[in-house]
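In what follows, a single structure is set out as structure tokens and then discussed.
Derivation of every value follows stated rules applied to the coordinates shown; laboratory data play no part. Since this is a predicted model, take the numbers as computed values, not measurements. Glycine also receives a Cβ, built like all others from the backbone with ideal geometry; neighbour counts cover every protein chain displayed.
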Amino acid sequence: MIREGVVVRSVGGVFTVLTGENKTVCFAPKKIRFHDMDVTVGDRVTYSPLSHGKGVIENVLPRRNKLARPEIANVDVCFVVLACEPQPDLYLCDKVLINCFREHIEPVVVVNKTDLSSATVTEAQANYAKVADIVCVSALDDSAQKLTRYLEGGRTACFAGQSAVGKTSLLNALLPDLQDKTGGISAKSGRGTHTTRHSSMHRVGDGFVVDTCGFSLCELQNIRSDELRLYLDDFVTVGAGCRFSSCTHTAEPECAVKAAVQRGELDKGRYERYVEEFRELVELEKNQY
Ligand SMILES: Nc1nc2c(ncn2[C@@H]2O[C@H](COP(=O)(O)OP(=O)(O)OP(=O)(O)O)[C@@H](O)[C@H]2O)c(=O)[nH]1
Ligand SMILES: [Mg+2]
Ligand SMILES: [Zn+2]
């Protein structure tokens, strides 16, 4: 008898598959991959149960969407977590947001550690208020509850962000019985110590939340340089006023986006990062052909 379930944990080729309230520890024959990604947390799979709560994955069902960083499939919402420490990497944040739009995932910018400082709140608002919800929280009080409204109707959310921004701490705040391990920031590098090593999916209220591993590198997923601008909603709105409808807002004359930056209506840092990301894609494309 074949069963269906969702992969809630994946560690070294061993997958925990949830069907209703039952968890089955499954193995996957090496050949099972779906498109270019291995079986991953969030995947719906079919499996043949063996004895003793074990099983073998037979197939991966088509994905609604996927992200490579964090590695996850079939999510509705992505909580992109920023904090005053470690220092926010807005290039990383931009790229995660763009990949979310590309994959039809709702990104929410979550500013954590607001008990320490509100500087990141200001920065997040200047950069992202026009493109995503911004939710300010601290894992030290009950403000993480603000995230639960994104799970209503049984939606699945994942965390994304640099190591040590507090992803696991926020999940622990939502699920006091969980108390997964959290880590710190290395005094030497100022970076997180990569405490979470595997993604895991947890039921929270109506929906699910996936804790993920922190990362500091992220590539844009299947996005061409000339369409990059379409994934920045704030640029799309302002860009309606550019002289050329295909304006990339870089070298073209009479560019409404550049004008808006000059008037201070679009954040200069955000614009400069866009130009950098655009150039990176152009470089990549040159090497491809
Ligand atoms: N002051 C303060 N500290 C926090 C908050 N949230 C997390 N921390 C601390 O930040 C550190 C990192 O937290 P984690 O939850 O392990 O961070 P993470 O994002 O899961 O990190 P990785 O698993 O490495 O990706 C820990 O020392 C936490 O106690 C917060 O809201 N305020
Ligand atoms: Mg963690
Ligand atoms: Zn333009």
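Structure above, values below:
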quantity	calculated
Potential lengthening between residue 203 and residue 106 on full extension [0.36 nm per residue; Cα-Cα distance subtracted]	33.0 nm
Those aspartates and glutamates that a straight Cα-Cα span of less than 13 Å connects to residue 258, excepting residues fewer than 8 apart in one chain	234, 267, 272
Rounded to whole Å, sorted largest first: equivalent-ellipsoid semi-axes of the range 66-211, Cα gyration tensor	20, 18, 15
Reachable lysines, given that their alpha-carbon falls under 18 Å from the alpha-carbon of residue 30 and they are not under 8 places away in the same chain	54
Within the range 86-116, backbone nitrogen closer than 14 Å to the virtual label 7 Å beyond the Cα of residue 280 toward Cβ	89-100
Relative contact order for the chain, counting Cα pairs under 8 Å that sit 6 or more residues apart, in percent	14
Hull-based mean projected area of the chain, where the convex hull spans the alpha carbons, in square nanometres	17.4
Cα point-scatterer Debye curve for the range 165-213, base-10 log of I(q)/I(0) at q = 0.16, 0.19, 0.24 Å⁻¹	-0.46, -0.61, -0.88
Proportion of all alpha-carbon pairs of the range 225-288 beyond 16 Å (%)	40
Over 22 Å between alpha carbons, listed pairs 95/181; 113/268; 146/167; 95/130; 31/66	95/181; 113/268
Distance-filtered residues of the range 256-289 - backbone nitrogen under 20 Å, label point 7 angstrom along residue 243 Cα→Cβ	256-263
Separation of the residue 250 and residue 181 label points, Cα + 7 Å toward Cβ, nm	4.4
Rg/Rh (Cα only; Kirkwood hydrodynamic radius) as it applies to the range 3-60	0.92
Given charges at beta-carbon only (K, R positive; D, E negative), |dipole| of the chain in Debye	740
